[in-house]
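Before any comments, here is the structure.
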Amino acid sequence: MAPMKPIIVWFRQDLRIADNPALAQAAATGAPLVPVYVLDDETPGRWRLGGASRWWLHHALLALQENLAKLAPGHAVEPRLVLRRGRADSVILALARELDAGAVHWNRCYEPFAIARDKALKAALAGAGIGAESFNASLLHEPWTIQTGAGGPFKIFTPFWNACQKALAHEPPVPAPKTLRPHRPLPAGDRLEDWRLLPTRPDWAAGLRAAWKPGETAANCTIAAFLCTKAALYGTDRDRPDLPGTSRLSPHLHFGEIGPRQIAKEVSGSSFSKKGLTPYMNEIGWREFAHHLLYHFPALPEAPLRPEFACFPWRDDEAGLAAWQRGLTGYPVVDAAMRQLWQTGWMHNRMRMVAASFLVKHLLIPWQRGAAWFWDTLVDADLASNSASWQWVAGSGTDAAPYFRIFNPVAQGERYDPDGAYVRLYVPELAKLPSRYIHQPWVAPAGVLDEAGVRLGRDYPRPIVDHAAARARALAAFQSLKQG
């Protein structure tokens, strides 16, 4: 009897063992497996992984290697993760030929460049007589399965999410394989260290190391802790950046260290109150909606979905952009948000809306500039969610906040950071200001500023733009758009 040909399991945004249908189906065949990850900086073009995402990827791959090794304790050859670099379709096809593989398994990605690449790869593998199977591991419902009554894509979140909940129940999580049969010998691969995913000089990742632990085990611990300690108050605390009220699962979700089916199962099996359940699962719904939009509107990361915004009178303001990026706008809650992003690779969701609104409406800087900065600095940088969220704030998306809805950063700070704890943490030069002035230090009396050790313009900038004037300018720009 001829030996079974090996199956290549191509890991992508699914860096986990449990609920990984590509891995589970391959393992169930009994064939020897070759787990592979390809660092592809060519196919995504400008959407190659940003700096913070590369830091996360390094540690996520280490964690995946450890978990794979645990699944073959009796084998002389561990199911090591083979690392290769280059155009993923070319690398995978060449590896399949090198191994005389029987098939390649992977879980689907939904970025436009990934869809085009995977289609081409399936055709090339078929031409070489090699099987190819892809699976859903990233979404509750794949983008083409949820349609309006007319058979088209949804453009508004609420009817989309209602349709998801009325659709056939999503598949349950797939159990992790108990053992894996590694291929012998495993092909050569790169050393992870040689990819240089981690920063060297300067080492800007100290805050990321303090804030995060990538990997499947950490993801499972994170959701368990959330359901035990935070979920009951999620409905009220999730908008408060000064409170630990969110799940902080977004980077684990993006890299596939946990999947939405697993989250849905954990949530439904917990004592999660209905008051917390609905808003939390709505956030999973927004992630689904973002992928739905990206699939049906592949220009989402580059161009406004509302075509009239192509003529919007944006400003070229490099100084304003730099002040925003560095957290030096003079508006404490905006600056706290931007510094949290830089220090930890993450920003509270409410603060993402406030910071994004300031850039596109107070400064009239194109949303694409902000999306690009987030792409490089977020550990949870996800093309669908990042693009859809920025278009929502800018007013140019399908289910967008009206452009004339302009967040007042002072009011937002006073409402969602009432004691100024969030600002004090990330803008420590203002830490000694009384709470009544923490969100607008420019109105504090000179004696209060002196006592707090704050000299505006030296220790902390004055506002780079007046809110009332910026609001009027933004509304005038929007009105000009409406008038053609």
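Matching residues to (1) among the small types (G, A, S); (2) touching a residue at least 60 places away in the same chain (Cβ under 8 Å):
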site: N67; (1), (2): no, yes
site: V82; (1), (2): no, yes
site: R97; (1), (2): no, no
site: G102; (1), (2): yes, yes
site: G129; (1), (2): yes, no
site: L139; (1), (2): no, yes
site: P143; (1), (2): no, yes
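All of T148, T179, T158, T200 fail the test of being of a type in the set (S, T, Y) and in a helix (DSSP H, G or I), apart from T158.
When the criteria are applied in full, W56 fails the requirement of being within 18 Å of L125 (Cα to Cα) and touching a residue at least 12 places away in the same chain (Cβ under 8 Å).
Against the condition touching a residue at least 60 places away in the same chain (Cβ under 8 Å), buried (at least 17 other Cβ atoms within 10 Å of the Cβ) and farther than 21 Å from H170 by Cβ, how does R238 come out, does it pass? Reasoning before the result, please.
Values: touching a residue at least 60 places away in the same chain (Cβ under 8 Å): yes; buried (at least 17 other Cβ atoms within 10 Å of the Cβ): yes; farther than 21 Å from H170 by Cβ: yes.
So R238 fits the description; yes.
For region 431-484, the set of residues classified as farther than 20 Å from V360 by Cα and aliphatic (A, V, I, L, M) consists of A431, L433, I438, V443, A444, A446, V448, L449, A452, V454, L456, listed by residue number. When you check A219 against the structure, is it of a type in the set (A, V, I, L, M, F, W, C) and touching an Asp or Glu at 6+ places or on another chain (Cβ under 6 Å), yes or no? Yes; evaluated as a whole, the condition is true for this residue. Take the conditions (1) closer than 29 Å to W346 by Cβ; (2) surrounded by 19 or more Cβ atoms within 10 Å (Cβ to Cβ); (3) of a type in the set (A, V, I, L, M, F, W, C); L449 misses just one of them, which is (1). With respect to the conditions (1) touching a Phe, Trp or Tyr at 6+ places or on another chain (Cβ under 7 Å); (2) of a type in the set (G, A, S); (3) in a helix (DSSP H, G or I), S396 lacks only one, and its number is (3). Can A310 be described as among the aliphatic types (A, V, I, L, M) and more than 22 Å from the chain's Cα centre (by Cα)? Yes; evaluated as a whole, the condition is true for this residue. Hey, does region 191-210 have a residue that's touching a residue at least 12 places away in the same chain (Cβ under 8 Å), surrounded by 13 or more Cβ atoms within 10 Å (Cβ to Cβ) and within 30 Å of E266 (Cα to Cα)? Yes, that holds for at least one residue. A search for C-beta distances below 6 Å between a residue of region 286-315 that is within 27 Å of A477 (Cα to Cα) and any residue that is of a type in the set (S, T, N, Q) and modelled with pLDDT under 95, counting only pairs 6+ apart in sequence or on different chains, returns P304/S396; L305/T398; R306/S396; F309/S396. Residues in region 317-340 that are of a type in the set (D, E, K, R) and in contact (Cβ under 8 Å) with a residue 40 or more places away in the chain: D317, D335, R339. Taking into account only those residues within region 400-444 that are outside any loop (DSSP other than H, G, I, E, B) and of a type in the set (F, W, Y), which is surrounded by the fewest Cβ atoms within 10 Å (Cβ to Cβ)? Looking at residues that are outside any loop (DSSP other than H, G, I, E, B) and of a type in the set (F, W, Y), I get W442. Only one of the numbered conditions (1) within 18 Å of A26 (Cβ to Cβ); (2) surrounded by fewer than 16 Cβ atoms within 10 Å (Cβ to Cβ) is not met by P173, and that is (2). Number of residues in region 274-321 that are aliphatic (A, V, I, L, M) and under 22 Å from R46 (Cα atoms): the value is 9.
Restricting to region 284-316, name every residue that is closer than 30 Å to H170 by Cα and assigned to a loop (DSSP other than H, G, I, E, B). Can you show your working first?
Initially, region 284-316 is screened for residues closer than 30 Å to H170 by Cα, giving 284-301, 305.
Residues satisfying the conditions are F297, P298, A299, L300, P301, L305.
Looking across region 327-352, the residues that are part of a helix (DSSP H, G or I), under 17 Å from H439 (Cα atoms) and of a type in the set (A, V, I, L, M) come down to V333, V334, A336, A337, M338, M351.
On the basis of being among the hydroxyl-bearing types (S, T, Y), closer than 24 Å to F255 by Cβ and within 21 Å of the chain's Cα centre (by Cα), does T200 make the cut?
Numbers: among the hydroxyl-bearing types (S, T, Y): yes; closer than 24 Å to F255 by Cβ: yes; within 21 Å of the chain's Cα centre (by Cα): no.
For T200, the condition - among the hydroxyl-bearing types (S, T, Y), closer than 24 Å to F255 by Cβ and within 21 Å of the chain's Cα centre (by Cα) - is not met.
Considering only region 209-230, state which residues are in contact with a Leu (Cβ under 9 Å, 6 or more places away or on another chain) and within 19 Å of L61 (Cα to Cα). Answer for region 209-230, where residues must be in contact with a Leu (Cβ under 9 Å, 6 or more places away or on another chain) and within 19 Å of L61 (Cα to Cα): P214, G215, E216, A219, T222.
The values are calculated or read from the model by the stated rules, or taken from the named source; none is laboratory data. All values derive from a computational prediction rather than experimental measurement. Positions of Cβ are backbone-derived with ideal geometry, glycine not excepted, and every protein chain shown enters the neighbour counts.
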